[in-house]
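Engineer: Got a structure here, written out as C-alpha coordinates. Questions coming.
The values are calculated or read from the model by the stated rules, or taken from the named source; none is laboratory data. In this text the structure is predicted, and so the values were computed from the model without any measurement. We place every Cβ from the backbone using ideal geometry, glycine too, and count neighbours over all the protein chains shown. Side chains included, ligands, DNA and RNA excluded: accessible areas come from the protein's heavy atoms. Shrake-Rupley method; radii C 1.70, N 1.55, O 1.52, S 1.80 Å.
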Amino acid sequence: MNKCVERLYNGVVKENPTLVLMLGMCPTLAVTTSAINGAGMGLASTVVLALSNLMISLLRKAIPDRVRMPAYIVIVASFVTMVQFLMQGFVHSLYQSLGIYIPLIVVNCIILGRAESYASKNKPVESLFDGLGMGLGFTLSLTVLGAFREILGAGTVFGFSFIPANNPTSFEPISIFVMAPGAFFVLAMLVAAMNENFTAYCRGLRPRQQCRPEPVSRTVPVSRSLKENKDGSRNGRGGYLCHNRVVSACRADIQIRAYAAQSDIPEYDRFHTCDSGSRAVCGDGAE
(Lines give C-alpha, C1' and ligand atoms only; values in the text may rest on other atoms or scores of the structure.)
Protein backbone atom coordinates (compact mmCIF):
# COMPACT_ATOMS: atom_id res chain seq x y z
CA MET A 1 0.00 0.00 0.00
CA ASN A 2 2.84 2.40 0.79
CA LYS A 3 4.24 1.81 -2.69
CA CYS A 4 0.87 2.61 -4.26
CA VAL A 5 0.52 5.82 -2.26
CA GLU A 6 4.06 6.77 -3.23
CA ARG A 7 3.19 6.33 -6.91
CA LEU A 8 0.16 8.60 -6.51
CA TYR A 9 2.20 11.29 -4.74
CA ASN A 10 4.95 10.93 -7.33
CA GLY A 11 2.59 11.60 -10.21
CA VAL A 12 0.61 14.42 -8.64
CA VAL A 13 3.44 16.38 -6.99
CA LYS A 14 6.99 15.09 -7.25
CA GLU A 15 7.02 14.27 -10.96
CA ASN A 16 3.98 16.13 -12.18
CA PRO A 17 3.98 15.49 -15.94
CA THR A 18 3.02 19.05 -16.85
CA LEU A 19 4.64 21.32 -14.27
CA VAL A 20 7.76 19.28 -13.48
CA LEU A 21 8.50 16.96 -16.42
CA MET A 22 7.02 19.32 -19.03
CA LEU A 23 5.38 16.50 -20.99
CA GLY A 24 2.19 16.58 -23.04
CA MET A 25 2.54 20.23 -23.96
CA CYS A 26 0.38 19.96 -27.09
CA PRO A 27 -2.97 19.27 -25.34
CA THR A 28 -1.87 21.35 -22.35
CA LEU A 29 -1.60 24.51 -24.42
CA ALA A 30 -4.33 23.77 -26.96
CA VAL A 31 -7.41 22.65 -25.03
CA THR A 32 -7.12 24.60 -21.75
CA THR A 33 -9.22 27.57 -22.86
CA SER A 34 -11.61 26.61 -20.04
CA ALA A 35 -11.50 24.57 -16.85
CA ILE A 36 -14.07 22.08 -18.20
CA ASN A 37 -11.95 21.35 -21.26
CA GLY A 38 -8.84 20.87 -19.13
CA ALA A 39 -10.61 18.54 -16.70
CA GLY A 40 -12.17 16.55 -19.55
CA MET A 41 -8.88 16.04 -21.37
CA GLY A 42 -7.12 15.19 -18.12
CA LEU A 43 -9.70 12.60 -17.04
CA ALA A 44 -9.74 10.99 -20.49
CA SER A 45 -5.95 10.73 -20.39
CA THR A 46 -6.10 9.34 -16.83
CA VAL A 47 -8.38 6.47 -17.88
CA VAL A 48 -6.13 5.61 -20.81
CA LEU A 49 -2.99 5.90 -18.68
CA ALA A 50 -4.26 3.64 -15.90
CA LEU A 51 -5.71 0.95 -18.17
CA SER A 52 -2.80 0.89 -20.61
CA ASN A 53 -0.26 0.71 -17.75
CA LEU A 54 -2.18 -2.20 -16.24
CA MET A 55 -2.45 -4.09 -19.54
CA ILE A 56 1.18 -3.49 -20.53
CA SER A 57 2.38 -4.64 -17.12
CA LEU A 58 0.29 -7.82 -17.40
CA LEU A 59 1.75 -8.52 -20.85
CA ARG A 60 5.30 -7.31 -20.18
CA LYS A 61 6.79 -10.82 -20.28
CA ALA A 62 4.82 -11.82 -23.38
CA ILE A 63 5.65 -8.83 -25.59
CA PRO A 64 8.90 -9.33 -27.56
CA ASP A 65 11.42 -6.60 -26.91
CA ARG A 66 11.91 -5.79 -30.60
CA VAL A 67 8.22 -4.95 -31.17
CA ARG A 68 7.37 -3.46 -27.79
CA MET A 69 6.68 0.09 -29.04
CA PRO A 70 4.19 -0.98 -31.75
CA ALA A 71 2.55 -3.26 -29.20
CA TYR A 72 2.27 -0.38 -26.71
CA ILE A 73 0.69 1.85 -29.36
CA VAL A 74 -1.88 -0.82 -30.27
CA ILE A 75 -2.84 -1.24 -26.61
CA VAL A 76 -3.08 2.51 -26.02
CA ALA A 77 -5.04 3.05 -29.24
CA SER A 78 -7.59 0.42 -28.19
CA PHE A 79 -8.32 2.20 -24.92
CA VAL A 80 -8.37 5.62 -26.61
CA THR A 81 -10.99 4.37 -29.07
CA MET A 82 -13.14 3.13 -26.19
CA VAL A 83 -12.85 6.48 -24.38
CA GLN A 84 -13.60 8.38 -27.57
CA PHE A 85 -16.82 6.44 -28.22
CA LEU A 86 -17.94 6.87 -24.60
CA MET A 87 -17.34 10.62 -24.71
CA GLN A 88 -19.10 10.91 -28.04
CA GLY A 89 -22.15 9.13 -26.65
CA PHE A 90 -22.43 10.63 -23.15
CA VAL A 91 -20.65 14.03 -23.15
CA HIS A 92 -21.06 15.10 -26.74
CA SER A 93 -20.46 18.81 -26.11
CA LEU A 94 -17.11 18.09 -24.44
CA TYR A 95 -16.27 15.65 -27.24
CA GLN A 96 -16.83 18.41 -29.79
CA SER A 97 -14.77 20.92 -27.78
CA LEU A 98 -11.74 18.62 -27.51
CA GLY A 99 -12.02 17.51 -31.13
CA ILE A 100 -8.90 15.98 -32.68
CA TYR A 101 -7.01 16.01 -29.38
CA ILE A 102 -8.93 12.97 -28.11
CA PRO A 103 -7.53 10.54 -30.73
CA LEU A 104 -4.13 12.22 -30.36
CA ILE A 105 -3.97 10.79 -26.83
CA VAL A 106 -2.58 7.69 -28.57
CA VAL A 107 0.75 9.40 -29.18
CA ASN A 108 0.84 11.41 -25.95
CA CYS A 109 4.40 11.16 -24.66
CA ILE A 110 3.19 10.82 -21.07
CA ILE A 111 1.39 7.56 -21.84
CA LEU A 112 4.11 6.01 -23.98
CA GLY A 113 6.77 7.25 -21.57
CA ARG A 114 5.18 5.61 -18.53
CA ALA A 115 4.60 2.44 -20.51
CA GLU A 116 8.26 2.24 -21.46
CA SER A 117 9.87 3.47 -18.26
CA TYR A 118 7.59 1.97 -15.58
CA ALA A 119 4.76 -0.34 -16.65
CA SER A 120 7.00 -2.62 -18.69
CA LYS A 121 9.29 -3.17 -15.69
CA ASN A 122 6.95 -3.34 -12.68
CA LYS A 123 4.01 -5.29 -11.29
CA PRO A 124 0.43 -4.63 -12.43
CA VAL A 125 -0.93 -3.02 -9.25
CA GLU A 126 1.99 -0.61 -8.95
CA SER A 127 1.74 0.21 -12.64
CA LEU A 128 -1.98 0.90 -12.27
CA PHE A 129 -1.37 3.37 -9.45
CA ASP A 130 1.51 4.93 -11.39
CA GLY A 131 -0.89 5.60 -14.25
CA LEU A 132 -3.50 6.98 -11.87
CA GLY A 133 -0.96 9.27 -10.22
CA MET A 134 0.37 10.61 -13.49
CA GLY A 135 -3.15 11.01 -14.85
CA LEU A 136 -4.37 12.86 -11.77
CA GLY A 137 -1.33 15.13 -11.86
CA PHE A 138 -2.02 15.84 -15.54
CA THR A 139 -5.71 16.48 -14.81
CA LEU A 140 -4.96 18.82 -11.93
CA SER A 141 -2.48 20.82 -13.99
CA LEU A 142 -4.81 21.17 -16.97
CA THR A 143 -7.78 22.10 -14.79
CA VAL A 144 -5.86 24.80 -12.90
CA LEU A 145 -4.37 26.13 -16.13
CA GLY A 146 -7.79 26.20 -17.80
CA ALA A 147 -9.41 27.84 -14.76
CA PHE A 148 -6.84 30.66 -14.71
CA ARG A 149 -7.23 31.27 -18.42
CA GLU A 150 -11.03 31.19 -18.22
CA ILE A 151 -11.18 33.56 -15.24
CA LEU A 152 -8.79 36.09 -16.72
CA GLY A 153 -9.92 35.79 -20.32
CA ALA A 154 -13.69 35.35 -20.03
CA GLY A 155 -14.67 36.22 -16.46
CA THR A 156 -16.14 32.77 -15.84
CA VAL A 157 -15.05 29.53 -14.19
CA PHE A 158 -16.53 26.16 -15.14
CA GLY A 159 -19.04 28.13 -17.17
CA PHE A 160 -20.33 30.20 -14.24
CA SER A 161 -19.84 33.96 -14.44
CA PHE A 162 -18.67 35.79 -11.35
CA ILE A 163 -19.21 39.25 -12.85
CA PRO A 164 -22.21 40.95 -11.18
CA ALA A 165 -25.16 41.18 -13.55
CA ASN A 166 -26.03 44.67 -12.32
CA ASN A 167 -22.48 45.91 -12.88
CA PRO A 168 -21.00 44.16 -15.93
CA THR A 169 -18.23 46.74 -16.29
CA SER A 170 -16.71 45.90 -12.88
CA PHE A 171 -14.40 43.41 -14.57
CA GLU A 172 -12.99 43.63 -18.07
CA PRO A 173 -11.82 40.20 -19.34
CA ILE A 174 -8.33 40.06 -20.82
CA SER A 175 -9.00 38.28 -24.09
CA ILE A 176 -5.37 37.36 -24.74
CA PHE A 177 -5.57 34.71 -22.01
CA VAL A 178 -8.05 32.62 -24.01
CA MET A 179 -5.77 32.81 -27.03
CA ALA A 180 -2.54 30.94 -27.69
CA PRO A 181 -0.15 33.44 -26.02
CA GLY A 182 -2.19 33.31 -22.82
CA ALA A 183 -1.54 29.58 -22.50
CA PHE A 184 2.21 30.21 -22.45
CA PHE A 185 1.88 33.06 -19.94
CA VAL A 186 -0.18 31.05 -17.45
CA LEU A 187 1.89 27.89 -17.89
CA ALA A 188 5.08 29.84 -17.22
CA MET A 189 3.61 31.31 -14.03
CA LEU A 190 2.45 27.92 -12.77
CA VAL A 191 5.81 26.29 -13.49
CA ALA A 192 7.62 29.13 -11.72
CA ALA A 193 5.32 28.80 -8.70
CA MET A 194 5.86 25.04 -8.63
CA ASN A 195 9.63 25.43 -8.75
CA GLU A 196 9.62 28.07 -6.03
CA ASN A 197 7.48 25.93 -3.74
CA PHE A 198 9.75 22.94 -4.24
CA THR A 199 12.83 25.02 -3.53
CA ALA A 200 11.33 26.39 -0.31
CA TYR A 201 10.18 22.92 0.73
CA CYS A 202 13.60 21.38 0.16
CA ARG A 203 15.31 24.17 2.08
CA GLY A 204 12.94 23.57 4.98
CA LEU A 205 13.92 19.91 5.11
CA ARG A 206 17.65 20.64 5.38
CA PRO A 207 18.98 21.88 8.73
CA ARG A 208 21.51 24.66 8.56
CA GLN A 209 24.93 23.09 8.23
CA GLN A 210 28.42 24.39 8.74
CA CYS A 211 31.31 22.98 6.75
CA ARG A 212 34.40 21.93 8.62
CA PRO A 213 37.52 20.28 7.18
CA GLU A 214 38.02 16.64 8.06
CA PRO A 215 41.30 14.68 8.34
CA VAL A 216 42.73 13.73 5.00
CA SER A 217 42.23 10.05 5.79
CA ARG A 218 38.50 10.67 5.39
CA THR A 219 38.92 12.84 2.32
CA VAL A 220 38.54 11.55 -1.22
CA PRO A 221 41.80 12.18 -3.15
CA VAL A 222 41.55 14.08 -6.40
CA SER A 223 42.99 11.24 -8.45
CA ARG A 224 40.43 8.77 -7.08
CA SER A 225 37.62 11.21 -7.83
CA LEU A 226 38.85 11.51 -11.39
CA LYS A 227 38.90 7.73 -11.79
CA GLU A 228 35.36 7.45 -10.46
CA ASN A 229 34.29 10.13 -12.92
CA LYS A 230 36.14 8.30 -15.73
CA ASP A 231 38.10 11.45 -16.46
CA GLY A 232 41.67 10.81 -17.55
CA SER A 233 42.89 14.36 -16.97
CA ARG A 234 44.45 15.57 -13.73
CA ASN A 235 43.16 19.10 -13.77
CA GLY A 236 40.32 18.32 -11.41
CA ARG A 237 39.34 20.50 -8.48
CA GLY A 238 40.37 19.66 -4.98
CA GLY A 239 38.16 19.75 -1.93
CA TYR A 240 37.40 18.38 1.49
CA LEU A 241 34.65 16.22 2.87
CA CYS A 242 31.72 18.05 4.42
CA HIS A 243 28.67 16.02 5.44
CA ASN A 244 29.64 13.24 3.02
CA ARG A 245 30.19 15.65 0.14
CA VAL A 246 33.48 16.63 -1.46
CA VAL A 247 33.49 20.42 -1.67
CA SER A 248 36.14 22.97 -2.52
CA ALA A 249 38.87 23.84 -0.04
CA CYS A 250 38.53 27.58 -0.61
CA ARG A 251 37.61 28.39 2.99
CA ALA A 252 39.94 25.88 4.60
CA ASP A 253 42.89 25.70 2.22
CA ILE A 254 45.51 26.15 4.95
CA GLN A 255 44.05 23.44 7.20
CA ILE A 256 43.61 21.03 4.32
CA ARG A 257 47.17 21.44 3.15
CA ALA A 258 48.34 20.93 6.72
CA TYR A 259 46.49 17.63 6.81
CA ALA A 260 47.89 16.67 3.41
CA ALA A 261 51.44 17.50 4.46
CA GLN A 262 51.18 15.04 7.36
CA SER A 263 49.88 12.21 5.17
CA ASP A 264 51.59 9.84 2.80
CA ILE A 265 49.47 10.79 -0.19
CA PRO A 266 51.57 11.35 -3.33
CA GLU A 267 52.02 14.87 -4.58
CA TYR A 268 49.61 14.47 -7.49
CA ASP A 269 46.88 13.30 -5.09
CA ARG A 270 47.03 16.37 -2.93
CA PHE A 271 44.42 19.05 -3.18
CA HIS A 272 44.86 21.70 -5.80
CA THR A 273 44.87 25.38 -4.98
CA CYS A 274 41.32 26.54 -5.38
CA ASP A 275 40.41 29.40 -7.67
CA SER A 276 37.34 31.50 -8.28
CA GLY A 277 35.90 28.84 -10.56
CA SER A 278 36.17 25.94 -8.14
CA ARG A 279 33.66 26.98 -5.52
CA ALA A 280 31.05 24.51 -4.36
CA VAL A 281 28.13 25.03 -2.02
CA CYS A 282 27.62 22.79 1.01
CA GLY A 283 24.42 22.84 2.99
CA ASP A 284 22.70 26.17 3.35
CA GLY A 285 25.04 28.62 1.72
CA ALA A 286 28.36 27.69 3.38
CA GLU A 287 31.28 27.39 0.97
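Engineer: Decide, for segment 72-154, between rounded, prolate and oblate: order the square roots of the alpha carbon gyration tensor eigenvalues as a ≥ b ≥ c, take rounded if a/c falls under 1.5, and otherwise choose prolate if a/b is larger than b/c, else oblate.
Structural biologist: Here segment 72-154 falls in the oblate category.
Engineer: Right, next: Report the residues of segment 96-120 in range of a label on Ala71: point 7 Å along Cα→C-beta, backbone N strictly under 15 Å from it.
Structural biologist: 115-120, by backbone N distance to the label point.
Engineer: Solvent-accessible area of Val107, probe 1.4 Å, all protein chains present, reported in Å² to the nearest ten, please.
Structural biologist: 90 Å²
Engineer: Still on this structure, I have one more. Would you grab the residues whose amide H sits under 5 Å from the one on Val157? Only those 5+ places off in sequence or on another chain, please, with H modelled 1.01 Å from N.
Structural biologist: Phe162
Engineer: Run the simple label-point estimate for Glu172 and Phe90 please: 7 Å along Cα→C-beta, distance reported in nm.
Structural biologist: 4.4 nm
Engineer: Sticking with this one: How large is the accessible surface per residue of segment 103-161, computed with a 1.4 Å probe and reported in Å² as a whole number?
Structural biologist: Accessible surface, normalised per residue, equals 38 Å².
Engineer: Also, quick follow-up: Just reorder Ser120, Ser52 by solvent-accessible area, largest first, 1.4 Å probe, all chains present.
Structural biologist: Ser120, Ser52
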